[in-house]
């Protein structure tokens, strides 16, 4: 299916300790995406998501904003082919 894609994004700024992962997981579930979100040791958040490209693009909108207490300074997004590697969207600790 040509409209399926994979997104790997890293979000920088005030994104840890502000419920960013829960915020993204909730929206990913609503959008029917699979993959995961996790904190990185450098203080950023990594998101790997798969599904319909249109829905992934909506998710990037949420990544740019984050929950109310977050302050997103930079988003680095890399697109690739859909792999089907994930059965659900999870929060990794």
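Quick grid of which residues meet (1) surrounded by fewer than 16 Cβ atoms within 10 Å (Cβ to Cβ); (2) touching a residue at least 60 places away in the same chain (Cβ under 8 Å):
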position	(1), (2)
51	no, no
77	no, yes
82	no, yes
85	yes, no
*Taking region 2-39 on its own, how many of its residues are farther than 19 Å from residue 69 by Cβ, without any contact (Cβ under 8 Å) to a residue 24 or more places away in the chain and part of a helix (DSSP H, G or I)?*
1
*For the subset of region 6-18 comprising residues that are within 13 Å of the chain's Cα centre (by Cα) and surrounded by fewer than 20 Cβ atoms within 10 Å (Cβ to Cβ), which member is nearest to residue 79 (Cα to Cα)?*
8
_Looking only at region 41-93, and only at residues there that are out of contact with any strand residue (DSSP E or B) (no Cβ under 9 Å at 6 or more places or on another chain) and not in a helix (DSSP H, G or I), the one that is nearest to residue 29 (Cα to Cα)_ = 67
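Coordinate-derived values only; no laboratory data. Please read all numbers here as calculations on a predicted model, not as lab measurements. Glycine gets a Cβ as well: all are built from the backbone with ideal geometry, and neighbour counts include every protein chain shown.
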